[in-house]
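A short write-up of the structure that comes next.
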There are 2 protein chains.
Amino acid sequence: MLSDGMVVIPQATISRLPLYFRVLNEYNHLGISVISSEEMAGNLGITSSQLRKDLSYFGDFGIRGTGYDVSDLLKQIKEILGMDKNRRIAIIGAGKLGTALAGYPGFKMHGLEVTALFDIDEAKIGQQEGKVEIFHLSELSNKKRELGMEIAVLTIPASVAQQVTELVIKAGFKAIWNFAPVRLEVPEHIILQNEDLVVGILTLSHHLSRKLGS
Amino acid sequence: MLSDGMVVIPQATISRLPLYFRVLNEYNHLGISVISSEEMAGNLGITSSQLRKDLSYFGDFGIRGTGYDVSDLLKQIKEILGMDKNRRIAIIGAGKLGTALAGYPGFKMHGLEVTALFDIDEAKIGQQEGKVEIFHLSELSNKKRELGMEIAVLTIPASVAQQVTELVIKAGFKAIWNFAPVRLEVPEHIILQNEDLVVGILTLSHHLSRKLGS
DNA sequence: ACCACCTTGTGATTGTTTTCACAATCCATT
DNA sequence: AATGGATTGTGAAAACAATCACAAGGTGGT
């Protein structure tokens, strides 16, 4: 699948790429330079054919009879995920969750940088959260231009989420990661990803009920 | 699909139940007692047949020609998700993310209660985080029995996650919600759910790269 | 009691994702 | 340069999930 045009890549495939990145990173640190799909998949609890199929959507990265060059594949996955772009992130809502995310080490590790926090609580404005300053939401547009941020993370109450979303879009953000438990209406060209923390734990709760019931 | 035996319910179906719960809750608060699948689905941006199919896995809750009784369906979904059980949660790791989750209003709203935090940092032991006390990890087993907790949430570094998981299982927890970016090995009977925050934002980053590249 | 209308519940269909299985091909050794 | 052993890349098959389309069954009006 070298040439494409507009191949549709399964969402599930993209979700697995960060896992591949992590395993490769580990092997890389251990000084291992070549890895087979079988070993890598075993590490992740998936099948080797799924791993190979996933990678095949993006190109031919392996060497038959040998496996994959760790640092080469690492570079490829970084590029696919945009990790080579050093994307900057704005977090809107400097509450518990927002500030926790601002300090989340997983971001830096994946080429992402939380560059500013925004809130409307005057008591918080001007404070530093780790190395990140908290600005008033009214400065969103200015700061976006100044700091070159691309992704807005919404850690705000559901009741104001749609309203803030419109501000975010007006400010020129192209991608939104929404933690508010509400369906946001956005124009076609905006990339929206919802993260609903309640889903995960209710899924657990459901499985608990099922298991104990049987 | 009234009788079953062991019908397999799609994971995707279970993930949508919390959404249904929210919409129903809103309608309930507005005093609306009957709702059609069409209206409910429109609210969520899915098809009405998907909603009906999802519900059909659990029983026949609707009335043909009319729709669904809001408070009745609400009760059913609560039961399916185990929200009627008032499940108690232990959070292991009283860092930024752990304490943020301890105060997350979404839990209480869905019949879940964070009952204790655990850490190994002596400076944190005994402190209150909101209404929740922080205990030393060595007390996990005692406190579990004392407080009747069922679900363990892991907000700890990946490097210690497997080790802590074994403690958690030894303490008798049956369900684990894991935020550490690592694959945990658990026995068959343990219910494990991984929540990888990096996946969401790297998905966004990937879509950004694709869109701008085309 | 009948009719017109509405909405559910669900087989059948279509679409998507995973798994299978093997030809293609690369490496190492002689 | 030929052979044996290994592992990729990928069509084809299977499994899974979403959508369609309509019979079944309910409501309200006359």
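Read-outs throughout are calculated quantities, based only on the coordinates presented, and are distinct from any laboratory measurement. Everything numeric in this text was worked out from a predicted model, so none of it was measured. In this analysis, Cβ positions are derived from the backbone assuming ideal geometry, glycine residues included, and neighbour counts consider all displayed protein chains.
Some observations on this one:
- Rounded to 0.05, the FRET efficiency of the B:HIS189 and A:ASN43 pair, given R0 = 25 Å and the Cβ-Cβ distance, is 0.60.
- When the Cα gyration tensor is reduced to axis lengths a ≥ b ≥ c, the ratio a/c is 1.5 or higher for segment A:27-137, and with a/b above b/c it is classed as prolate.
- Residue pairs, from the table B:LYS78/B:LYS131; B:LYS108/B:LYS143; B:LYS96/B:LYS124; A:LYS75/A:LYS174, whose Cα atoms sit over 22 Å apart: B:LYS78/B:LYS131; A:LYS75/A:LYS174
- Counting Cβ atoms of other protein chains within 10 Å of each residue's Cβ and taking the mean over peptide B:187-200 gives 5.
- Environment charge of A:LEU117, counting only residues whose C-beta is closer than 12 Å and scoring Lys/Arg +1, Asp/Glu -1: -2
- Per-residue 3J(HN,Hα) values for segment B:65-77, derived from phi via the Karplus relation 6.51 cos²θ - 1.76 cosθ + 1.60 with θ = phi - 60°, read x, 10, x, 10, 6, 4, 6, 5, 5, 4, 4, 4, 5 Hz in sequence order (x marks Gly and Pro).
- Eligible aspartates and glutamates near B:LYS85 by straight Cα distance, threshold 16 Å, same-chain separation 8 or greater: B:GLU113, B:GLU150
- The string of couplings for segment A:16-23 from the Karplus curve (6.51, -1.76, 1.60, θ = phi - 60°) is 8, 4, x, 5, 4, 4, 5, 4 Hz, one whole number per residue in order, with x for Gly and Pro.
- 5 angstrom amide H check on A:VAL114, placed H, neighbours 5+ away: A:ILE89
- Assigned charges on the beta-carbon of Lys, Arg, Asp, Glu; the protein assembly as shown dipole about Cα centre (debye): 160
- Only beta bridges with both residues in the protein assembly as shown are counted; by DSSP, about 20 percent of them are antiparallel.
- Distance in nm between pseudo-label sites at A:GLU122 and B:GLU166 (7 Å out along the Cβ direction from Cα): 5.6
- Peptide B:80-89 shows a mean partner chain C-beta count of 4 within 10 Å per residue C-beta.
- Put simply, when B:14-26, A:81-93 are sorted by average Cβ atoms within 10 angstrom per residue, most first, you get A:81-93, B:14-26.
- Once the Cα gyration tensor of the protein assembly as shown is diagonalised, semi-axes √(5λ) in Å: 32, 28, 27
- The three principal axes of the Cα atoms in chain A give end-to-end lengths of 62, 53, 37 Å, sorted in falling order.
- Kirkwood radius and radius of gyration were both taken over the C-alpha atoms of segment B:86-199, and their ratio Rg/Rh is 0.92.
- Footprinting exposure proxy for A:ILE151, A:ILE190 (fewest neighbouring C-beta atoms within 10 Å first): A:ILE190, A:ILE151
- With neighbour counts taken as other beta-carbon atoms within 10 Å, the residues B:ASP119, A:ASP121 rank, fewest first, as A:ASP121, B:ASP119.
- Fewest-first ranking of B:SER159, B:SER56, using other Cβ atoms within 10 Å as the exposure measure: B:SER159, B:SER56
- Total charge dipole magnitude, segment B:78-123, about the Cα centre, Cβ charges on Lys, Arg, Asp, Glu only, Debye to nearest 20: 240
- Where the alpha-carbon atoms of segment B:11-79 are placed on the principal axes, they occupy 31, 24, 23 Å, in descending order.
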